[in-house]
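The values are calculated or read from the model by the stated rules, or taken from the named source; none is laboratory data. Predicted, not measured: the structure shown is a model, and the values here were computed from it. Ideal geometry is used to build each Cβ from the backbone, glycine not excepted, and the neighbour counts take in all protein chains shown. To get the accessible areas, we keep the full protein, side chains included, count just its heavy atoms, and leave off ligands, DNA and RNA. Shrake-Rupley method; radii C 1.70, N 1.55, O 1.52, S 1.80 Å.
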Amino acid sequence: MHHVIIGAGPAGVIAAETLRKTDRDSEITLLGDEPGMPYSRMAIPYFLTNEINAEGTHLRAEDHYARHGIDFRHERVTRIKPQKRILDLANGSTLSYDRLLLATGSRPVTIPISGVDLPGVHHCWTLNDAHRIRELAKPGAHVVLVGAGFIGCIIMGALLGRGTTLTVLELGDEMLPRMMDRTGAEILARWCTEKGVTIRTATRVTEIEKGGRTQNSFTRLSTGLIVHTETGEPLIADAVVLASGVRPNLDLLSESGIETDDGILVDHYLRTSQPSIYAAGDVAQGTDWSTGKRTVHAIQPTAAEHGRISACNMAGIPTHYPGSFSMNVLDTMGLISTSMGLWRREQGTNTAALLDRDRSRYMQLNFQGDRLIGALTIGHMGGWTGANGVLRGLIQSKTRLGKWKQRLQDDPTRVMEAYNFLLIARGGGH
């Protein structure tokens, strides 16, 4: 049996390791199209701040794959031929498989404007991107970060920590538009401003220019970049970092017959529409535990669980996947933001909120009937954010709160008390 995995991120690496544990006699080939060893994108901010070196981002030691009988190769797949169970490779050769896992991850979204391909303009998505940004983002450098979503807020502190002057441009009206409500976004924006970051929301970038003239100056710039927007003065920058979101890597699937939507559609066993082909991680559109709909959850815990479960099924051990839970945890210069479940206020739900602006603390609970279905928290480590595990437990267990709903509406900080009482009432959770 030959298992082939396309993609050497967390989903791919964990799948390869799980296959080796469950199918000791199989041949396992792990394909990665980036130079170097498989690494974690979540470690890139620590690389930017020099807390770790490039090797510190690696998921495993260099000899790990060979020691476990995993053939790791630097290869790019150009085409999948499911009928023949063959992969075409960029070097002109082919590779056959018995079972195939697509763990191709995501790629950054490039805003459709002039100048995004200029030297000094980079995404912060790959380790190679991070190397280039480190060369440009030196103490005193002016950096423009385009995008204040999840990725932008992750790297914001790293860029500021390098001693740069940082301006963030966000197209939406608030920061973290897909993870936080208006109140939470306002707390985060004030926090970032107090740390020395200039935040400009509702700002559309129209062009990035090399050198050139500013609108109100006859001075020609010999170096640097000029970032033009629909409103406000142009910004002069030594580097521009693009963080405008990501989308699943689906280009490889042309003519494969694999069904896609936002990502690769998978069932409860992470199988695609083609026999013997599975998908995992950021590229997989599987069941959302909260809604029952198929959704892409591009977060590392989901990728890791996808990798394990898909590998079990590839090895012939039927393993049902109940669905991924929408939960994002973000550390922005020491302020922890969390969103989980169905946190948006919609018809048929009601909410309770607690706000302490002076201490940058916020908690919102969202109920449907007498069940907790979603939550937002903002704060420093511990405090209100220390209840995140309990909140997740109450949401995922679909626990009926009874009289505790009103108590939590009166005081959301009593979630730990509610959890302990309800757990005991249910006989220790059994």
Please work out which residue is nearest to residue 128 (Cα to Cα), limiting yourself to segment 74-92 and to residues that are assigned to a loop (DSSP other than H, G, I, E, B) and open to solvent by 50 Å² or more (accessible area, probe 1.4 Å).
76
If I ask for residues that are out of contact with any Phe, Trp or Tyr (no Cβ under 6 Å at 6 or more places or on another chain), part of a strand (DSSP E or B) and under 27 Å from residue 5 (Cα atoms), which ones from segment 101-120 would you list?
102, 106, 107
Would you be able to tell me the number of residues in segment 364-400 that are more than 14 Å from residue 352 (Cα to Cα), in contact with a Gly (Cβ under 9 Å, 6 or more places away or on another chain) and hydrophobic (A, V, I, L, M, F, W, C)?
3
Would you call residue 71 touching a strand residue (DSSP E or B) at 6+ places or on another chain (Cβ under 9 Å), open to solvent by 50 Å² or more (accessible area, probe 1.4 Å) and charged (D, E, K, R)?
yes
Pairs, please: C-beta under 9 Å, at least 6 apart or cross-chain, first residue crowded, with 23+ Cβ neighbours inside 10 Å and in segment 366-386, second among the aromatic types (Phe, Trp, Tyr) and in a strand (DSSP E or B)?
374/367; 376/362; 377/362; 378/362
Mind checking which residues of segment 312-327 are closer than 18 Å to residue 281 by Cα and either surrounded by fewer than 18 Cβ atoms within 10 Å (Cβ to Cβ) or free of Cβ contacts under 8 Å to residues at least 24 places away in the same chain (or both)?
319, 320, 322
Among (1) in a loop (DSSP other than H, G, I, E, B); (2) in contact (Cβ under 8 Å) with a residue 40 or more places away in the chain, the one test that residue 140 misses:
(2)
Can you pull out every residue in segment 85-105 that is farther than 15 Å from residue 9 by Cα, touching a residue at least 12 places away in the same chain (Cβ under 8 Å), of a type outside the set (Gly, Ala, Ser) and in contact with a strand residue (DSSP E or B) (Cβ under 8 Å, 6 or more places away or on another chain)?
85, 87, 89, 95, 97, 98, 99, 100
Give, as residue ranges, the strands (runs of 3 or more DSSP E) completely inside segment 306-421 that count at least 1 residues that are over 27 Å from the mean Cα position of the chain (by Cα).
350-356, 361-368, 371-379
Counting only residues that are open to solvent by 10 Å² or more (accessible area, probe 1.4 Å) and assigned to a loop (DSSP other than H, G, I, E, B), which one in segment 181-199 is farthest from residue 123 (Cα to Cα)?
181
How about segment 291-305: which of its residues are among the β-branched types (Val, Ile, Thr) and outside any strand (DSSP E or B)?
291, 299, 302
Look through segment 56-68, keep the residues that are over 25 Å from residue 151 (Cβ atoms) and free of Cβ contacts under 8 Å to residues at least 40 places away in the same chain, and return whichever of them is surrounded by the most Cβ atoms within 10 Å (Cβ to Cβ).
64
Among the residues of segment 349-365, write down those that are within 17 Å of residue 385 (Cα to Cα), out of contact with any Ser or Thr (no Cβ under 9 Å at 6 or more places or on another chain) and open to solvent by less than 40 Å² (accessible area, probe 1.4 Å).
352, 356, 360
Subset of segment 261-290, residues over 20 Å from the mean Cα position of the chain (by Cα) and of a type outside the set (D, E, K, R), comes to 268, 269, 272, 273, 274, 275, 276, 277, 278
Quick check on residue 162: is it in contact with a Leu (Cβ under 9 Å, 6 or more places away or on another chain) and under 24 Å from residue 203 (Cβ atoms)?
yes
Pull up segment 18-55, narrow it to residues that are part of a loop (DSSP other than H, G, I, E, B) and aliphatic (A, V, I, L, M), then point me to the one that is least open to solvent (accessible area, probe 1.4 Å).
37
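Residues checked against (1) open to solvent by 30 Å² or more (accessible area, probe 1.4 Å); (2) closer than 15 Å to residue 43 by Cα:
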{"position": "95", "(1), (2)": "no, no"}
{"position": "114", "(1), (2)": "yes, no"}
{"position": "134", "(1), (2)": "yes, yes"}
{"position": "140", "(1), (2)": "yes, no"}
{"position": "156", "(1), (2)": "no, yes"}
Any residue that is without any contact (Cβ under 8 Å) to a residue 60 or more places away in the chain, of a type in the set (Lys, Arg) and within 20 Å of residue 313 (Cα to Cα) - is there at least one of those in segment 8-22?
yes
